[in-house]
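Q: Below are the structure tokens for one structure; questions will follow.
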Amino acid sequence: MKAKVMPDGRMSLPADLRKRHGLGNGGEVIVEDTGDAIVLRTLDQVVARAQALSRKLIAGKAGATVEDFLADRAREARGE
């Protein structure tokens, strides 16, 4: 797909691409420079990638979940 970058840096993405990725009404994207490419990701995509990485990093580790963290904080708040 082709998109045009204006002299001031603005870029227009094709409407069907914006709709497909939840940007039909505009929105923010994360811009990543990979060295040989520029990658645009929606915030939802970035969050999903971070969550997948987190799940992979904590898999099988006791006490590493958000629930464990919250339970620890609750015990501390009760003075245990």
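The values are calculated or read from the model by the stated rules, or taken from the named source; none is laboratory data. Quick caveat, the model's predicted, so the values are computed rather than measured. Surface areas here come from the heavy atoms of the whole protein model, side chains and all, with no ligands, DNA or RNA. Shrake-Rupley method; radii C 1.70, N 1.55, O 1.52, S 1.80 Å.
Q: Give me the percent of the accessible area of the chain that comes from carbon and sulfur atoms, probe 1.4 Å, all protein chains in place.
A: Carbon and sulfur atoms account for 56 percent of the accessible area of the chain.
Q: I've got another one for you. Round to the nearest 10 and give me the degree value, 0 to 90, for the angle of helix 66-77's Cα axis relative to the longest principal axis of the chain.
A: The helix 66-77 is inclined about 50 degrees to the chain.
Q: Please list, or write none, the lysines whose alpha carbon is within less than 28 Å of the alpha carbon of Lys4, excluding same-chain residues fewer than 8 places away.
A: Hits, sequence-local ones excluded: Lys19.
Q: Hey, another quick one. If I take every Cα pair under 8 Å that is 6 or more residues apart in the chain, average their sequence separation and divide by the length, what percent do I get for the relative contact order?
A: 12
Q: Show that you can apply the helix-only estimate: for the chain, add -39,500 (n - 2.57) for every DSSP H stretch of four or more residues, divide by all residues, and state [θ] at 222 nm to the nearest 500.
A: Using -39500 (n - 2.57) per qualifying helix, the result is -13000 deg cm²/dmol.
Q: If you average 1/r over all unlike Cα pairs in the chain and invert the result, what Kirkwood radius do you get in angstrom?
A: Mean inverse Cα-Cα distance, inverted, gives 16.3 Å.
Q: Roll a 1.4 Å probe over the protein chains and send me the accessible area per residue for the chain in Å².
A: Heavy-atom accessible area per residue stands at 86 Å².
Q: Further question: Relative to the longest principal axis of the C-alpha atoms of the chain, give the angle of the C-alpha long axis of helix 43-58, reported between 0 and 90° and rounded to the nearest 10°.
A: 40
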